[in-house]
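Asks: Have a look at this one.
What follows draws every value from the coordinates through simple rules; no lab data is involved. What you see is a predicted model, and the numbers here were worked out from it, not measured in a lab. Ideal geometry is used to build each Cβ from the backbone, glycine not excepted, and the neighbour counts take in all protein chains shown.
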Amino acid sequence: MTARFKFSDSIKLIKNIKTTGTITPSSKNLVRRLLAPIDFASARCIVELGPGNGCVTQSLLKRMSEDCVLICLEVNNEFVAELNRVEDSRLHVYNACASSIREILDELNFVEVDYVVSSLPLSLIDDDVVKNILVEVDSNLKKGGRFLQYQYSLANYSDMKPVFRDIKLKFTFRNMPPAFVYECIK
Ligand SMILES: C[S@@+](CC[C@H](N)C(=O)[O-])C[C@H]1O[C@@H](n2cnc3c(N)ncnc32)[C@H](O)[C@@H]1O
């Protein structure tokens with residue numbers, strides 16, 4: 001897997017549009033914005049939800065310290081197979097729904113998480129599943145931890161607001177389509 005844009009990634013995204021919610025991987029600019037709040041020197045456990053083709057995953061692995069672990073939860077088999085080809089002992093890929101964070105952390109013996117980074121297409125996921133995912137994220141983040149999510153609209157802002165202590169919102173035009181970036185603080 002490379003960090004470069006591949007036409008086959010777009011084909012997979014389009015083929016699975018109902019669960020991916022997009023036709024192109026996130027731009028470098030969006031990924032940079034999304035990951036900006038992460039203190040890579042101190043982070044020891046990061047969870048990524050909906051890694052897809054791995055454009056965010058690659059950037060995380062590049063910047064993470066040697067003793068930080070990255071746990072990816074992805075429902076699409078093809079993307080899971082692609083991510084499993086990445087040779088990096090810090091990376092743990094699970095073919096699982098984002099709502100199963102706790103059981104996967106138990107399996108890997110982690111009590112809590114520093115950051116949860118998400119590309120989930122929240123507006124396409126059922127409301128009760130979104131609520132469940134947000135509760136899971138919040139209950140597994142350490143105090144002061146961050147939930148980092150991008151979205152092409154503010155459709156799920158009202159779901160996040162009551163869950164987190166504070167939310168900082170940014171916007172970038174440098175992505176197709178332009179996107180909001182949420183930094184949710186526990
Ligand atoms: C927009 S794509 C993100 C791809 C890549 N991270 C990026 O930013 O370009 C969203 C990904 O979320 C995955 N996904 C959708 N629902 C999910 C769920 N409930 N749990 C885990 N992954 C999910 C999709 O299969 C897809 O790969």
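Asks: Given region 61-144 reduced to its alpha-carbon atoms as identical point scatterers, what log10 I(q)/I(0) does the Debye formula return at q = 0.19 Å⁻¹?
Replies: Here log10 of I(q) over I(0) equals -0.95.
Asks: Lys143: which lysines have alpha carbons under 21 Å from its alpha carbon, excluding same-chain residues fewer than 8 sequence positions away?
Replies: Lys131, Lys161, Lys168, Lys186
Asks: Run through region 52-161 and list the GluC sites (Glu not before Pro) located in a DSSP loop whose Cβ has at most 11 other Cβ atoms within 10 Å.
Replies: Working: sites: Glu66, Glu74, Glu78, Glu82, Glu87, Glu103, Glu107, Glu112, Glu136; in loops: Glu66, Glu87, Glu112.
Counting only loop positions with at most 11 other Cβ atoms within 10 Å, the GluC sites (Glu not before Pro) in region 52-161 are Glu66, Glu87.
Asks: Rounded to the nearest Å, what's the spacing between the alpha carbon centres of region 149-177 and region 103-144? Just the number, please.
Replies: About 16 Å separates the Cα centre of region 149-177 from the one of region 103-144.
Asks: Still on this structure, I have one more. Could you state the orientation-averaged shadow area of the convex hull built on the Cα atoms of the chain, in nm² to one decimal? Intermediate results must be reported in sequence, preceding the final value.
Replies: Working: hull surface 37.3 nm².
It is 9.3 nm².
Asks: What are the membrane-span-like helices in the chain by this rule: whole DSSP H runs, Cα extent along the axis at least 30 Å, mean Kyte-Doolittle hydropathy at least 0.5? Write down the numbers at each step before the final one.
Replies: Numbers: long enough: none.
Qualifying helices, which must be both long enough and hydrophobic enough, do not occur.
Asks: Please say if region 116-180 is rounded, prolate or oblate, where rounded means a/c under 1.5 for a ≥ b ≥ c the square roots of the C-alpha gyration tensor eigenvalues, and otherwise the choice is prolate for a/b larger than b/c and oblate otherwise? All intermediate terms of the calculation are to be shown ahead of the outcome.
Replies: Numbers: a/c = 1.96, a/b = 1.36, b/c = 1.45.
Note, shape of region 116-180 comes out oblate.
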